[in-house]
Amino acid sequence: PQAIEKHGCCKVTRVEHPYIEHEQFPEDAPDMSGVTKLLHKSFTDSIIRLMSQVENKSTLEALIGILQNLTSDNYKSSCFLRAFIRSRNGIPRLIELVDHSYEDICNSSIVALRNLSDDIKNKEVIGQYGAGAICGKLPSNPQVAFSTKTCVSTLYLIRILIYLNKKNCDLIIDN
């Protein structure tokens, strides 16, 4: 399920909304091109595999940016890709990259995790395994320099992780 907002006349509530997992989404075809090829699970699978093999900072940031953009909306394709990334163990790799020495990679992985956390199961996985790494990106000592962009992204990710999730709230407080 994914978390969606329902707008009433006086308030906005956030509820779980089930998504339909298609066996082939989009359909396999030998002549795929354009957006159909980008949204196919084989493309996302190759991005996840490349993330574990690449050491070049610019390439790694670009790969994370691709995942970030593919999961940034609430269309069916993004909902499917969020679940697919979780099933291919892409979330642990993104959590590892939160602690990367290059600031742009840290920020990109935090934003990608924020996009992935729209899925309820992803939110639980990110909270369970990434709370320590995520909280480590918040300034706790005034002498240590942190990027404002990364701090704001981290705060927004924490906000999403703890929204309607008591377990994640406790994990964040403990870290």
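The values are calculated or read from the model by the stated rules, or taken from the named source; none is laboratory data. Since the structure is predicted, the reported quantities are computational estimates derived from the model, not experimental observations. Here Cβ is always computed from backbone atoms with ideal geometry, including for glycine, and neighbour counts include all displayed protein chains. Just so you know, the surface numbers come from the protein's heavy atoms only, side chains and all, with ligands and any DNA or RNA stripped out. Shrake-Rupley method; radii C 1.70, N 1.55, O 1.52, S 1.80 Å.
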Q. Based on the Cβ-Cβ distance from Asp99 to Asn74, what FRET efficiency comes out when R0 is 22 Å, to the nearest 0.05?
A. 0.15
(Q) Tell me the mean residue ellipticity at 222 nm calculated for the chain from its helices only (DSSP H runs of n ≥ 4, each -39500 (n - 2.57), averaged over every residue, nearest 500). (A) -18500 deg cm²/dmol
Q | Neighbour net charge for Gly136 - beta-carbon separation under 14 angstrom, K R +1, D E -1 | A | -3
**Q.** segment 44-175, accessible surface, carbon-and-sulfur percent (1.4 angstrom probe)
**A.** 50 percent
(Q) Under the 0.36 nm per residue contour assumption, what length would be gained going from the current alpha-carbon distance of Leu138 and Asn89 to full extension? (A) 15.1 nm
Q: Considering only Ile120, Ile110, Ile64, give the residue with the highest GNM mean-square fluctuation for the chain, with springs between Cα atoms whenever their separation is below 10 Å.
A: Ile120
**Q.** segment 25-84: mean projected area of Cα convex hull, nm²
**A.** 4.3 nm²
Q. When ligands, DNA and RNA are left out and all protein chains stay put, how many square angstrom of accessible area per residue does the chain have with a 1.4 Å probe?
A. 57 Å²
Q.
I'd like to know how the chain sits against the 2.2 N^0.38 Å rule of thumb: what's its Cα Rg over that expected value?
A. 1.07
Q: Taking the Cα centre of the chain as origin, work out the dipole magnitude from +1 charges on Lys and Arg Cβ and -1 charges on Asp and Glu Cβ, in debye rounded to 20.
A: 460 debye
